[in-house]
Amino acid sequence: MFIDFIYALLTGNSLSKMKDEEIVQEYLATQNARYFDQLYSRYSGKVYGKCISLLKNEAAAEDAVQEIFVKILLNLSKFSGKSKFSTWLYSISYNFCIDTIRRKKKNPNAFADDITGHEIADDVDDRFLLEMNIERLKVIMDRVPVGVKSILLMKYQDEMSIKEISAILSKSESAIKMKIKRAKQKFKKIHYEIYKD
Amino acid sequence: MKPNNFKSLEHEYENEFDTKREQLKTKVDGSIGLIKFIGNIFELYLPQVLGVFGYMSGNPRKKENPDAKKKKYPNTK
């Protein structure tokens, strides 16, 4: 903390007040590890949350966080700034977790098949998901397939736009809208199966 | 502000991660250090290794001009 304070005085900018994109630019210009440390302290918890939600295993989630941050550091120069840094970071995190699950299942279509094949009924209200008791939310998120889970996390936890999700999953915007609709229905169905209300 | 328990869930995981944050950072730094070390080794020795391969494949090393050594004063003819 003290070193950060001295550093902020010397450089004239406080790391904690800087935007992510500015930190990335400063890191690329100076290669100073302090900038990367700041990105790590801002996002490691969030990345861990996604990894443990998707991988359902603490040790695997920790390994994933480690590998994701190494990957990010090595690819930081490829960050173009077209999207928010957080969106770019989350896209790497989701794709890493999805690839890990695919490799374990040894089925390249394991993710794609998750949210297809059930009937499209009425649209589910967003409030049904957003206002759900957190303990129930945890139970249901543990039960839904990984494809459903990741799309719900992108939409409701990361508050990504349809366009951002479509870029991450390499699908058209209309396909993403349909996937979200189906994911909400799957969520509601599992909720009903468990709690009957 | 609309309630969002997906965000609450995220905060819960973040709090859980607080105890592991520093430990994992050490591991990340270790991995990055190793990658940088290997990168430096390559950067330092790759030209020599390529030179050796080139020499072994029959491309003789560039010989220095023997006349250049004879010159006592570099800027004179």
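A count restricted to the range A:136-153 and to residues that are within 10 Å of chain B (Cβ to nearest Cβ), touching a residue at least 24 places away in the same chain (Cβ under 8 Å) and either of a type outside the set (A, V, I, L, M, F, W, C) or under 12 Å from A:Tyr90 (Cα atoms) (or both) stands at 2.
Of the residues making up the range A:151-196, those that are over 18 Å from the mean Cα position of the chain (by Cα), assigned to a helix (DSSP H, G or I) and of a type in the set (Gly, Ala, Ser) are A:Ser174, A:Ala175.
Table: residues versus (1) in a helix (DSSP H, G or I); (2) in contact (Cβ under 8 Å) with a residue 40 or more places away in the chain; (3) surrounded by 12 or more Cβ atoms within 10 Å (Cβ to Cβ).
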residue	(1), (2), (3)
A:Glu22	yes, no, yes
A:Asp37	yes, no, yes
A:Ser53	yes, yes, yes
A:Asn75	yes, no, no
A:Ser80	no, no, no
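Summed over the range A:98-127, the residues that are within 19 Å of A:Met178 (Cβ to Cβ), touching a Phe, Trp or Tyr at 6+ places or on another chain (Cβ under 9 Å) and modelled with pLDDT under 90 give a count of 2.
Residue under question is A:Arg42, and the condition is that it be more than 15 Å from A:Glu164 (Cβ to Cβ), without any contact (Cβ under 8 Å) to a residue 24 or more places away in the chain, assigned to a helix (DSSP H, G or I) and more than 9 Å from every other protein chain (Cβ to nearest Cβ); does it hold?
Details: more than 15 Å from A:Glu164 (Cβ to Cβ): yes; without any contact (Cβ under 8 Å) to a residue 24 or more places away in the chain: yes; assigned to a helix (DSSP H, G or I): yes; more than 9 Å from every other protein chain (Cβ to nearest Cβ): yes.
Considered against the rule, which asks whether it is more than 15 Å from A:Glu164 (Cβ to Cβ), without any contact (Cβ under 8 Å) to a residue 24 or more places away in the chain, assigned to a helix (DSSP H, G or I) and more than 9 Å from every other protein chain (Cβ to nearest Cβ), A:Arg42 comes out as yes.
Among the residues of the range A:122-175, the ones that are of a type in the set (D, E, K, R), within 26 Å of A:Lys105 (Cα to Cα) and either assigned by TED's automatic domain parsing to the domain that holds A:Ile98 or surrounded by fewer than 21 Cβ atoms within 10 Å (Cβ to Cβ) (or both) come to 4 in all.
The values are calculated or read from the model by the stated rules, or taken from the named source; none is laboratory data. Owing to the predicted nature of the structure, the values given are computational and were not obtained by experimental measurement. Counting neighbours? That spans all protein chains shown, and the Cβs are built from the backbone with ideal geometry, glycine included.
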